[in-house]
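Inspection log for the structure reproduced underneath, given as structure tokens.
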Amino acid sequence: CSGTCVDDLMPLLRRRKSDRTLISETYLAVVRRQIAYGEENGIPWGVSESAYNARYLQFNYQYAPFGVPGLGLKRGLADDLVIAPYATALALPLAAKAGIATLRRLADEGMFDRHGFFEAVDYTKDRLPPGQTSALLDAYMPHHQGMILVALAPLLRDNIMPRRFPRNPQSDPAGPPHHEPIPVSI
């Protein structure tokens, strides 16, 4: 477990948010920790796997999983600080107001153009040119753009995407744990 938004929140793209279940409480804890991590570092929030400010010999950006300390088991999660707008968008079903505010902040900081949100912004000091506090990665990953659109759709049209997926219990990748209620203390 690397503590990425895509690992933790991508199931919400295809299923309705359920309240007062173990998985819903897990989702909320993940989003709260993502937001807190951004606040702790004075930057927008939304950490997941993405491109970062290093290039291969062919000059395309390198790609890696990035996570939030406390959410992932992988060592060294605090060594990198890369924010991906699609990671913020994945949290919209749970924290629409905070997510929209962060997406607006990213757009105001130059992370958006006529094609959509750029891939990421890298705040990792070791990968920044002298005098810079961040590096904007002006590239697009089609599947990340798709996740942003699918995450926005339910906010614009009454939970449309989760309603479009089959209601067959066998198609639910999380299975019964997704619907397990929170235990009640006596």
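The values are calculated or read from the model by the stated rules, or taken from the named source; none is laboratory data. The structure presented is a predicted model; accordingly, all values stated were derived computationally and were not measured. No Cβ is skipped: glycine too gets one built from the backbone with ideal geometry, and neighbour counts run over all protein chains shown. All accessible areas refer to the heavy atoms of the entire protein, side chains included, with ligands and DNA or RNA removed. Shrake-Rupley method; radii C 1.70, N 1.55, O 1.52, S 1.80 Å.
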- request: Please list the non-local residues whose amide H lies under 5 Å from the amide H of residue 112, H modeled 1.01 Å from N, same-chain partners needing a gap of 5 or more.
  value: 118
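May I ask you to derive the relative contact order of the range 23-170, considering only C-alpha pairs under 8 Å and at least 6 residues apart, and to give it as an integer percent?
20 percent
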task: Place +1 on the Cβ of every Lys and Arg and -1 on the Cβ of every Asp and Glu in the range 1-157, take the dipole about the Cα centre, and give the residue among 147, 132, 53 whose Cα lies farthest towards its positive end.
output: 147
field: About the Cα centre, charge dipole magnitude for the range 1-118 (Lys/Arg +1, Asp/Glu -1 at Cβ), debye
entry: 420 debye
- prompt: Just the accessible area per residue of the range 1-156, please: how many Å² with a 1.4 Å probe?
  reply: 51 Å²
task: Quick one: net charge around residue 103, please, counting Lys, Arg +1 and Asp, Glu -1 for every other residue with C-beta under 13 Å from its C-beta.
output: +1
- request: For residue 54, list long-range residues whose amide hydrogen, built 1.01 Å from N in the peptide plane, is under 5 Å from its own amide hydrogen.
  value: 62
Against the rule of thumb 2.2 N^0.38 Å, how large the Cα Rg of the range 33-84 comes out: 1.20
task: Write down the Å³ per residue value for the convex hull defined by the alpha carbon atoms of the range 44-156.
output: 118 Å³
query: Quick one: with all protein chains in place, what share of the accessible area of the range 47-156 is carbon or sulfur, to the nearest percent (1.4 Å probe)?
result: 57 percent
